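> Following this message is one structure expressed as structure tokens.
The values are calculated or read from the model by the stated rules, or taken from the named source; none is laboratory data. None of these values were measured; they are calculated from a predicted model. Cβ sites come from the backbone with ideal geometry, for glycine too, and all protein chains shown count toward neighbours.
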Amino acid sequence: MAERAPPPTYDEAVNNKVPPQRPVTVVVEQGFAPFPQRMTCPSCHCPIETRVEYRPNSNTHLIALLLCFLFWPCALYPYCIDTCKDALHYCPECGTFLGTYTN
Ligand SMILES: [Zn+2]
């Protein structure tokens, strides 16, 4: 709690005024892994482990379509495995979107 060293930025000042259920998008230009990562949230400056949500991307649909033609019982398989999807990283404390891992 005491090591809140960085001075408040404009974004931080704005974030303190918006309700927590309306997270402000902060895109961090760094590589993300397809699993939860330890980092410091750029919005609330808490040491966090990112919350990951997996979303199907265009590759997921493409693989599913190919499997549909090749062997249709496997067509839904890409939707079941997380490595075929985008990994969206969020801060578990303030809900800020931090970045995406794309296959
Ligand atoms: Zn945060």
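> Which numbered condition trips up K17, out of (1) part of a loop (DSSP other than H, G, I, E, B); (2) modelled with pLDDT of 90 or more?
(2)
> Kindly evaluate C68 against the criterion of being away from the ligand (no atom under 16 Å from the Cβ) and without any contact (Cβ under 8 Å) to a residue 24 or more places away in the chain.
For C68, the condition - away from the ligand (no atom under 16 Å from the Cβ) and without any contact (Cβ under 8 Å) to a residue 24 or more places away in the chain - is met.
> Can I ask one more? Only one of these is aromatic (F, W, Y), within 16 Å of the ligand (Cβ to nearest atom) and closer than 18 Å to F32 by Cα: Y54, Y90. Name it.
Details: Y54 fails: within 16 Å of the ligand (Cβ to nearest atom).
Among Y54, Y90, only Y90 is aromatic (F, W, Y), within 16 Å of the ligand (Cβ to nearest atom) and closer than 18 Å to F32 by Cα.
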